[in-house]
Amino acid sequence: MISKEVVVKNQVGLRARPATFFIQKANEFKSSIWIEKDERKVNAKSLLGVLSLGIAQGTTATIIVDGVDEENALNALIDLINSNFAEQQ
């Protein structure tokens with residue numbers, strides 16, 4: 001199991017469209033993936049779960065990954081967030 005904190009910098013945070021891109025990317029991996037904000041952890045492969053965290057611009061969240069492709073999954077999700085979801089627009 002590995003985890004890393006990341007700051008969501010894009011204008012709308014992890015809502016609507018960016019959240020959809022995030023869960024689509026998470027679902028590409030076999031590992032179990034969670035995202036945590038303020039002691040609340042949800043399944044990163046669930047759109048409703050991710051949206052329920054209300055992650056706005058400037059929020060720090062922790063991505064937690066456990067499984068066979070955990071390193072690749074964590075890196076891909078961090079890269080997606082750090083790109084401000086630009087590759088998807």
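Structure values in brief
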quantity	calculated
Filter pass, T20 being part of a helix (DSSP H, G or I), hydroxyl-bearing (S, T, Y) and surrounded by fewer than 19 Cβ atoms within 10 Å (Cβ to Cβ)	yes
Hey, V12 of a type in the set (A, V, I, L, M, F, W, C) and assigned to a loop (DSSP other than H, G, I, E, B) or not	yes
Some residue of the range 20-32 being more than 18 Å from D79 (Cβ to Cβ), in contact with a strand residue (DSSP E or B) (Cβ under 7 Å, 6 or more places away or on another chain) and either of a type outside the set (A, V, I, L, M) or touching a residue at least 12 places away in the same chain (Cβ under 8 Å) (or both)	yes
Any hit, the range 10-17, residues being modelled with pLDDT of 95 or more and surrounded by 13 or more Cβ atoms within 10 Å (Cβ to Cβ)	no
Test: residue in the range 45-56 that is basic (K, R) and in contact (Cβ under 8 Å) with a residue 60 or more places away in the chain	no
Residue match in the range 25-33 (condition: at pLDDT 95 or above, hydrophobic (A, V, I, L, M, F, W, C) and part of a helix (DSSP H, G or I))	yes
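One line per residue, one yes/no per condition, for (1) crowded, with 16+ Cβ neighbours inside 10 Å; (2) in a loop (DSSP other than H, G, I, E, B); (3) of a type outside the set (F, W, Y):
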| residue | (1), (2), (3) |
| --- | --- |
| K41 | no, no, yes |
| K45 | yes, yes, yes |
| V50 | yes, no, yes |
| I55 | yes, yes, yes |
| G58 | no, yes, yes |
| A73 | yes, no, yes |
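The values are calculated or read from the model by the stated rules, or taken from the named source; none is laboratory data. Just so it is clear, the model here is predicted, and its values are computed rather than measured. Quick reminder, even Gly has a Cβ in these numbers, built from the backbone with ideal geometry, and neighbours come from all protein chains shown.
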